[in-house]
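Please read the structure below before turning to the comments.
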Amino acid sequence: MFEFNLEGLELSDQKILAALNFKLNPGETHCLLGPSGSGKTSLLNVMAGLKQDNTVTSTKGESKHQHHNQWLPRKPDIGYLFQQPRLLPWRTILQNLQLVEPDKETVLRMLGEVRLQDYADYYPAKISLGMARRVALARCLLLKPELVLMDEPLTSLDPPTAREMRRLIKRLVCDHPTRSMIYVTHNLEEALELGDTVSVLGNTPAEVIYSNSIDNVSREELETLLKHS
């Protein structure tokens with residue numbers, strides 16, 4: 001089981017995340033819902049270790065207590081799929097992926113998994129956003145992560161492209177027997193299709209205001225929470 005404790009997060013002297021705790025079983029997909037600006041991306045960045053100064057100091061009387069955000073008992077191997085593909089434009093698709101996996105045959109097999117085996121020698125500027133997102137997914141999975149973090153990977157995709165990307169995510173991540181995922185979205189349909197469990201962020205600073213397994217989720221309750229969070 002993966003467990004993450006967050007004592008809080010401040011940016012520019014403003015507390016944006018309250019204390020949070022996440023527990024995730026191997027093979028579990030947890031969908032994190034919330035409106036834009038609710039701190040979902042900041043939370044993923046803390047989990048991934050991209051925010052170095054991620055401590056919150058609280059003061060009581062004259063004593064100060066320093067709290068550290070941490071994985072318990074250890075930080076897992078993490079793959080992160082950002083909203084933007086973040087491909088190097090001067091390198092081909094193959095060369096981009098070889099930055100994380102030098103073996104050409106392994107990379108080509110992964111490109112086959114995301115149905116891009118014919119585009120290995122293309123440059124990022126010559127492929128669509130949907131294809132670039134699939135390249136980014138391939139890069140993420142080449143790391144052989146125990147835990148995958150996804151930050152709204154279907155944003156700005158047209159419906160057919162989004163459906164294809166959802167199918168790939170489900171097959172390559174959600175259906176993997178031991179690979180866990182935290183999937184951030186503001187789209188309820190994505191959460192209901194991909195998730196095993198779901199939480200909703202709300203309030204200021206952001207905190208978990210709802211959490212449940214997908215089997216026990218009430219769509220109407222989630223819609224109400226998202227509307228008022």
Residue ID - farthest from GLY195 (Cα to Cα), chosen from residues in segment 117-145 that are basic (Lys, Arg) and surrounded by fewer than 18 Cβ atoms within 10 Å (Cβ to Cβ) | LYS126
May I ask you to verify whether VAL184 is of a type in the set (Val, Ile, Thr) and either under 30 Å from ASN212 (Cα atoms) or loosely packed, with under 15 Cβ neighbours inside 10 Å (or both)?
-> yes
Flagged in segment 116-163 as of a type in the set (Val, Ile, Thr) and either free of Cβ contacts under 8 Å to residues at least 12 places away in the same chain or under 25 Å from LEU24 (Cα atoms) (or both), in numbering order, are VAL148, THR155
Expected single match for among the aliphatic types (A, V, I, L, M), out of contact with any His (no Cβ under 8 Å at 6 or more places or on another chain), closer than 22 Å to VAL100 by Cβ and assigned by TED's automatic domain parsing to the domain that holds LYS15 among ILE214, ILE169, ILE209 is ILE169
Could you list all residues from segment 148-172 that are under 19 Å from GLN84 (Cα atoms) and of a type in the set (A, V, I, L, M, F, W, C)?
-> VAL148, LEU149, MET150, LEU154, LEU157, ALA162, MET165, LEU168, ILE169
Please work out which residue is modelled with the lowest pLDDT, limiting yourself to segment 182-229 and to residues that are under 16 Å from LEU20 (Cα atoms) and of a type in the set (A, V, I, L, M).
-> ALA206
Hey, among the residues in segment 22-49 that are exposed (fewer than 15 other Cβ atoms within 10 Å of the Cβ) and at pLDDT below 85, which one's nearest to the chain's Cα centre (by Cα)?
-> GLY49
Mind checking which pairs have a first residue in segment 192-209 that is part of a loop (DSSP other than H, G, I, E, B) and a second that is polar (S, T, N, Q), Cβ under 6 Å, 6 or more apart or different chains?
-> GLY195/THR29; ASP196/THR29
Can you tell me which of VAL100, VAL148 is buried (at least 22 other Cβ atoms within 10 Å of the Cβ), in contact with a helix residue (DSSP H, G or I) (Cβ under 9 Å, 6 or more places away or on another chain) and not hydroxyl-bearing (Ser, Thr, Tyr)?
-> VAL148
Over segment 92-108, the set of residues more than 14 Å from LEU143 (Cα to Cα), under 25 Å from the mean Cα position of the chain (by Cα) and not β-branched (Val, Ile, Thr) is LEU94, GLN95, LEU108
Selection status of THR161, hydroxyl-bearing (Ser, Thr, Tyr) and within 26 Å of ASP103 (Cβ to Cβ) = no
Are any residues in segment 97-126 within 20 Å of LEU168 (Cα to Cα) and among the aromatic types (Phe, Trp, Tyr), and if so, which ones?
-> TYR119
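The values are calculated or read from the model by the stated rules, or taken from the named source; none is laboratory data. From a predicted model like this one, the values you see are computed outputs, not experimental measurements. For neighbour counting, all protein chains shown are included, and Cβ atoms are generated from backbone atoms with ideal geometry for every residue, glycine included.
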